[in-house]
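K.L.:
This is the structure, below, for whatever I ask next.
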Amino acid sequence: MSSMVAFLNITIFIIILFLSFHLIKGNTAKPRKKIFKVKILHTILFSYVFLLLVGIILYAFIPSEKYEYMEFKENHESYQPNTSFDAIYEGMIDKNIKIGDKFTFNYTDDTLEVSANKDEEFSLTIVVEKKDTNDEVIELTNYLNTTIVDNIDFTETIPSVDAKISGNTLILQEPDTVEITISKLKKEFTISQFTSESHMDNIGHGFNGESLLYIKIPKDLELISSMNDIYIHYVNE
Amino acid sequence: MFLAKPTTVSVIKKQYKYKSKAYLDVYFSLVVLQVISILLSFAGANSMGVGTPTMNINITYFSVDIVIVFTMIWGFITAIQLTTKNYRNDDFSFVTNRVNSNISNGLFLLTASIIAGITAMLSTFLQKSVLYYIGGTNFIADMSLFDYAKQIIIGIGSGILYVLLFCALGYVVGTLVQLHKSFTFIIPASFFGILFIIESLGLYDLRTYLFEFLFSEPSFVIFTLKILSIVAVVFTCATLMSNKLEVR
């Protein structure tokens, strides 16, 4: 971006130089020199106009990428991305929260060690709910926090945590970072000035990009965290 | 004594026709400038990135804002060029006066603004087509071609008005410089001086008002009236000032 600004500054400087030069040069009474013959000039101009018209035809055949488009402006006031996640800590799960991958394991022992299959820092939030019964089933659910950037809903592209049980250890595999690169059409300022939306209003609004792992465990099962940076939050504790 | 007495309208018409053909060079510089700015626009108007440990999102926005801005600068320079002695002397091929000469210049600049405004906005389709078919870029558009085309019409209208405004400003600057060479330094010095005074006195509301007066006007009709009023005042000033210029 800074290189772009520097380039623009240089361009403006060149334009000013060009302008000054023209003012001095054009002020002489000498007749102007024609750069091209009229015929060549006509050819250049019509070729450019033809190119612009071809551009319109080609544009009409560009298919737009299909993305879930959310009319974000309508519920702009009421939208609070973290509210629904806050409620999960109390064990209340909003029906509207999107669900990622789910896992179910049968487990009979009294203790279960939780570890991460990643050397780096584990950034996932884990919420554990103890069931009322000892049904010997562990249920893991990835909840995806609503993530909207510039009117595009990315919630479903949030990667889920993978899980497996090996012996007495629940191994959590944090997913690799998902890289999303998108090209978006932006209305020119000569248009956006008269259409009521402001381009900058929507950017980044509602971005969270995180998932939460919700684990339901049998009543008497004890979870032991083998890594310091895995923080386990127990519902209603 | 002549048998046929030329009327004002016929003189202006002749001058306009002559200028439309003789000043064809200005459109060549327009094409060159627009092609350069279209090439620059391939880098994207701006981009943004947000990220968490699990997700990085980068969005690059594409528009032809730079083409429109370059076209406005072109309008400014072209209008200054018209006021130079080199171009001014062409008018003496006809039986004319300064007022007629200025009106025909105004009509020529109006035509140039219309052509420049249309081509600048239409370049948006060329930009997207090149990016998609040659660059392999996939776009996300939150409107159909038909909806965008409807908005392009507004864009063309306001683009023409912006270019016309800069033509008018260039014309009055050029006329001032022709009155006295010292204006070459006085005008930019005054411009930056006023900006400096506004900043140093903390008159931010005035600065915002001046900016929003045109660039944030949401009503197209009021915007048109504002631009046309400014252009009319500026051209009248230029015409009155040019009457003080020496005869060839």
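Every read-out reported here was derived from the displayed coordinates using simple, explicitly stated rules and does not represent laboratory data. Worth saying up front: this structure is predicted, and the values here are computed from it rather than measured. Reconstructed Cβ throughout: ideal geometry from the backbone, glycine too, with neighbour counts over all protein chains shown.
K.L.:
At most 16 other Cβ atoms within 10 Å and a DSSP loop assignment: could you name the GluC sites (Glu not before Pro) in the range B:188-247 that fit?
P.N.:
B:E246
K.L.:
When you look at the Cβ of every residue in B:177-183, what mean number of other chain Cβ atoms sits within 10 Å?
P.N.:
Across the residues of B:177-183, the mean count of other-chain Cβ atoms within 10 Å is 1.
K.L.:
Of all alpha-carbon pairs in the range A:121-189, indicate the percentage at a distance above 20 angstrom.
P.N.:
51 percent
K.L.:
Another question, if that's okay. Find the percent of Cα-Cα distances in the range B:115-174 that exceed 15 Å, and round it to a whole number.
P.N.:
61 percent
K.L.:
Oh, and also: How shielded is B:119-130 by partner chains, expressed as the average number of their Cβ atoms within 10 Å of its Cβ atoms?
P.N.:
Counting other chains' Cβ atoms within 10 Å and averaging over B:119-130 gives 6.
K.L.:
Among the listed pairs A:K37/B:K13; A:K102/A:K216; A:K37/B:K21; A:K98/A:K216, give every one whose C-alpha distance is greater than 21 Å.
P.N.:
A:K37/B:K13
K.L.:
Going by Cα centres, the range B:71-134 and the range B:191-247 are how many Å apart?
P.N.:
20 Å
K.L.:
Quote the convex hull volume per residue of the range B:1-85, based on C-alpha atoms, as a whole number of Å³.
P.N.:
Hull volume over Cα atoms, normalised by residue count, gives 118 Å³.
K.L.:
Ranked from highest to lowest mean number of other Cβ atoms within 10 Å per residue, what is the order of the peptides B:153-163, A:127-137?
P.N.:
For the peptides B:153-163, A:127-137, the packing ranking is B:153-163, A:127-137.
K.L.:
What average number of partner chain Cβ atoms lie no more than 10 Å from the Cβ of the residues making up B:154-160?
P.N.:
For peptide B:154-160, the averaged partner shielding equals 5.
K.L.:
Taking just the C-alpha trace of chain B, give me its Rg and Dmax in Å.
P.N.:
Taking only Cα atoms of chain B, I get Rg and Dmax of 21.7, 89 Å.
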